[in-house]
Amino acid sequence: ERFCLTADVIDDFEEIVKLVAFPECISATGLKYTIDNEADETAYVELEFDVNPDEEGQFYYEAFVGEVTEDIKNGWHTTFNRELVEEIEG
């Protein structure tokens with residue numbers, strides 16, 4: 001199955017948040033996770049995937065949260081598409 005992967009990348013030292021998106025992904029191995037009942041932290045999650053270019057020939061998109069509108073922030077993880085990127089570039 002093809003899917004779009006989006007995430008927030010957080011730089012704790014600079015307090016900068018960047019939105020990233022891989023619009024054309026294919027799962028390589030499926031979802032793997034490890035749970036340690038003795039740990040206080042969340043489970044380790046691993047996802048391997050292949051990335052293909054989208055209709056514009058791009059593999060990856062990024063945007064700084066501080067430089068985009070609320071509409072883009074709200075839509076990035078729920079309805080990522082080329083129109084969001086064009087709003088940033090425009």
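Results, tabulated for the structure shown:
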| quantity | calculated |
| --- | --- |
| Prolate/oblate/rounded call for the chain, Cα gyration tensor, a/c under 1.5 rounded | oblate |
| For region 81-86, 3J(HN,Hα) per residue [Karplus equation, 6.51 cos²θ - 1.76 cosθ + 1.60, θ = phi - 60°, Hz, x = Gly/Pro] | 7, 5, 4, 4, 5, 5 |
| Phi-based couplings in Hz for region 45-57 (Karplus 6.51, -1.76, 1.60; Gly and Pro marked x) | 10, 10, 9, 9, 8, 9, 10, 10, x, 7, 5, 9, x |
| The chain, helix-only ellipticity at 222 nm - DSSP H runs n ≥ 4, -39,500 (n - 2.57), divided by all residues, nearest 500 | -4500 deg cm²/dmol |
| Net charge dipole size for the chain [Lys, Arg +1 and Asp, Glu -1 on Cβ; Debye, nearest 20] | 320 debye |
| Carbon and sulfur %, accessible surface of the chain computed with the full protein complex present, 1.4 Å | 48 percent |
| Estimated inter-spin distance, residue 50 and residue 71, nm [label 7 Å along Cα→Cβ] | 3.6 nm |
| Hz values of 3J(HN,Hα) by residue in region 11-24 - Karplus curve (6.51, -1.76, 1.60), Gly and Pro given as x | 9, 5, 6, 9, 6, 10, 10, 10, 8, 10, 8, 10, x, 10 |
| Highest-first arrangement of 56-69, 13-26, where packing means the average Cβ count within 10 Å | 13-26, 56-69 |
| Accessible area expressed per residue, region 15-77, with surrounding protein chains retained (probe 1.4 Å, Å²) | 72 Å² |
| Two-site FRET efficiency, residue 59 against residue 35, from Cβ-Cβ distance with R₀ of 25 Å, rounded to 0.05 | 0.20 |
| Dipole of the chain, positive direction: furthest Cα of 27, 61, 78, with charges on the beta-carbon | 27 |
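The values are calculated or read from the model by the stated rules, or taken from the named source; none is laboratory data. Computed from a predicted model, the values in this text were never measured in an experiment. For neighbour counting, all protein chains shown are included, and Cβ atoms are generated from backbone atoms with ideal geometry for every residue, glycine included. Accessible surface areas use protein heavy atoms only, side chains included; no ligands, DNA or RNA. Shrake-Rupley method; radii C 1.70, N 1.55, O 1.52, S 1.80 Å.
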